[in-house]
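Asker: Take a look at the following structure, please.
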């Protein structure tokens, strides 16, 4: 039985533990792997004109940058990772809160479910590539991210940070 209370054999899946609302501008926050080791650091930058976070690996190398897009009509975050740029926007149509992530080069990801309660999926090409859930933990402020396709790990974690910031209106 692993960190997420599952005993299934999904060895290709990557799992992380995150803390709800624990990161704000100026605060640092560690994302732990399934063994409880620090895997990525969310580094909030204070005193900036816009909200900014840097996602760093365990050696301290920046693997993604997440920041608000200034002067946009609707909530938008920009994610820079691996030499690419992705734009995360709130979807305008729909009853439930949804997001669309457009990666330069044409890839599109969809984020949908109960965003505020951390019960949602991230999809790419009509298949679920990641699940986010609080159900895997008993701790009130903790939720998990299970990534089904590890090649998207950095992008999925950056999307999760951006969605959490946008859905909880973290102060800058």
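One line per residue, one yes/no per condition, for (1) over 17 Å from residue 16 (Cβ atoms); (2) out of contact with any helix residue (DSSP H, G or I) (no Cβ under 8 Å at 6 or more places or on another chain); (3) surrounded by 13 or more Cβ atoms within 10 Å (Cβ to Cβ); (4) at pLDDT 95 or above:
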| position | (1), (2), (3), (4) |
| --- | --- |
| 63 | no, no, yes, yes |
| 74 | yes, yes, no, no |
| 96 | yes, yes, no, no |
| 117 | yes, yes, yes, no |
| 134 | no, yes, yes, no |
| 137 | no, yes, yes, no |
| 147 | no, no, yes, yes |
| 166 | yes, yes, yes, no |
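Asker: If I go through the stretch 114-139 residue by residue, how many of them are assigned to a strand (DSSP E or B) and under 12 Å from residue 159 (Cβ atoms)? Full working, then the answer.
Answerer: Start the filter on the stretch 114-139 by keeping residues that are assigned to a strand (DSSP E or B), which leaves 114, 119-124, 127-133.
Okay, now just the ones that are also under 12 Å from residue 159 (Cβ atoms), so 120-124, 129-130, 132.
Count: 8.
Asker: Next question, about the same structure. Of the numbered conditions (1) surrounded by 14 or more Cβ atoms within 10 Å (Cβ to Cβ); (2) modelled with pLDDT under 95, residue 58 satisfies every one except a single condition; which is it?
Answerer: Of everything listed in (1) surrounded by 14 or more Cβ atoms within 10 Å (Cβ to Cβ); (2) modelled with pLDDT under 95, residue 58 misses just condition (1).
Asker: Inside the stretch 132-148, can you point out the residues that are touching a strand residue (DSSP E or B) at 6+ places or on another chain (Cβ under 9 Å) and either closer than 18 Å to residue 111 by Cβ or free of Cβ contacts under 8 Å to residues at least 12 places away in the same chain (or both)?
Answerer: Within the stretch 132-148, 132, 133, 134, 135, 139, 143, 144, 145, 146, 147, 148 meet the criteria.
Asker: Mind telling me which of the residues 100, 111 ends up being buried (at least 17 other Cβ atoms within 10 Å of the Cβ) and in a strand (DSSP E or B)? Write out each step before concluding.
Answerer: Numbers: 100 fails: buried (at least 17 other Cβ atoms within 10 Å of the Cβ).
Only one candidate qualifies: 111.
Asker: Would you pick out the residues in the stretch 122-131 that are in contact with a strand residue (DSSP E or B) (Cβ under 7 Å, 6 or more places away or on another chain) and within 17 Å of residue 86 (Cβ to Cβ)?
Answerer: First pass over the stretch 122-131, keeping only residues in contact with a strand residue (DSSP E or B) (Cβ under 7 Å, 6 or more places away or on another chain): 122-124, 128-131.
Within the stretch 122-131, 122, 123, 124, 129, 130 qualify.
Asker: For the condition surrounded by fewer than 13 Cβ atoms within 10 Å (Cβ to Cβ), in a loop (DSSP other than H, G, I, E, B) and modelled with pLDDT under 60, what is the one hit in 7, 24? Write out each step before concluding.
Answerer: Details: 24 fails: surrounded by fewer than 13 Cβ atoms within 10 Å (Cβ to Cβ).
Going through 7, 24 in turn, the sole match is 7.
Asker: Right, next: Within the stretch 121-142, how many residues are farther than 19 Å from residue 12 by Cα and under 11 Å from the mean Cα position of the chain (by Cα)?
Answerer: Final tally of qualifying residues: 0.
Asker: Just to be sure I understand, how many residues within the stretch 149-162 are surrounded by 21 or more Cβ atoms within 10 Å (Cβ to Cβ) and either over 13 Å from the mean Cα position of the chain (by Cα) or in contact (Cβ under 8 Å) with a residue 40 or more places away in the chain (or both)?
Answerer: Qualifying residue count for the region: 7.
The values are calculated or read from the model by the stated rules, or taken from the named source; none is laboratory data. In this text, all values refer to a predicted model and were calculated from it rather than measured experimentally. Backbone-built Cβ (ideal geometry, glycine too); neighbour counts: all protein chains shown.
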